[in-house]
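Undergrad: Handing you a structure now.
The values are calculated or read from the model by the stated rules, or taken from the named source; none is laboratory data. It should be emphasised that the depicted structure is a prediction, and the values quoted were computed from it without experimental measurement. Every residue, glycine among them, receives a Cβ derived from its backbone with ideal geometry; neighbour counts consider all protein chains shown.
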Amino acid sequence: MDQKYRGHGVGTALVNELIKGSEKAGYWSIYSATISINRASIALHKKCGFREIGYRERIAKDRFGEWQNTTLMEYRAS
């Protein structure tokens, strides 16, 4: 998300709606894989109840052609 739009709660609202919708549909877990250098996304996921469950090395290339790692995250319904 562009820097000027951060901090307004849009990302949090979207992730929370995803969680509510998935629980309503009967899902009890959600998984996410985020490029590890994207600390803002990882922080957002943690804020919404996700936890880090793993790490994959050199799984994807960024727009500059550099290999990046991904952080695996999970949300489990209570």
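Undergrad: Under 6 Å between Cβ atoms, at least 6 apart or on separate chains: pull out the pairs that start in segment 22-38 with a residue that is more than 18 Å from Arg56 (Cβ to Cβ) and surrounded by 14 or more Cβ atoms within 10 Å (Cβ to Cβ) and end on any residue that is at pLDDT below 95 and not acidic (Asp, Glu).
TA: Glu23/Ala77
Undergrad: Could you list, in sequence order, the residues of segment 1-21 that are loosely packed, with under 11 Cβ neighbours inside 10 Å and among the hydroxyl-bearing types (Ser, Thr, Tyr)?
TA: Correct list: Tyr5 only.
Undergrad: Can you name the residue in segment 1-45 that is assigned to a helix (DSSP H, G or I) and of a type in the set (Lys, Arg) and is also farthest from Ala77 (Cα to Cα) among such residues?
TA: Lys4
Undergrad: Among the residues of segment 62-71, which ones are out of contact with any Asp or Glu (no Cβ under 7 Å at 6 or more places or on another chain) and either small (Gly, Ala, Ser) or under 11 Å from Glu52 (Cα atoms) (or both)?
TA: Within segment 62-71, Gly65, Thr70 qualify.
Undergrad: Can you run down the residue pairs with Cβ atoms below 9 Å, 6 or more apart or on separate chains, where the first is in segment 52-72 and at pLDDT below 95 and the partner is surrounded by 13 or more Cβ atoms within 10 Å (Cβ to Cβ) and among the hydroxyl-bearing types (Ser, Thr, Tyr)?
TA: That search, which allows pairs on different chains as well, returns Ile59/Thr70; Ala60/Thr70.
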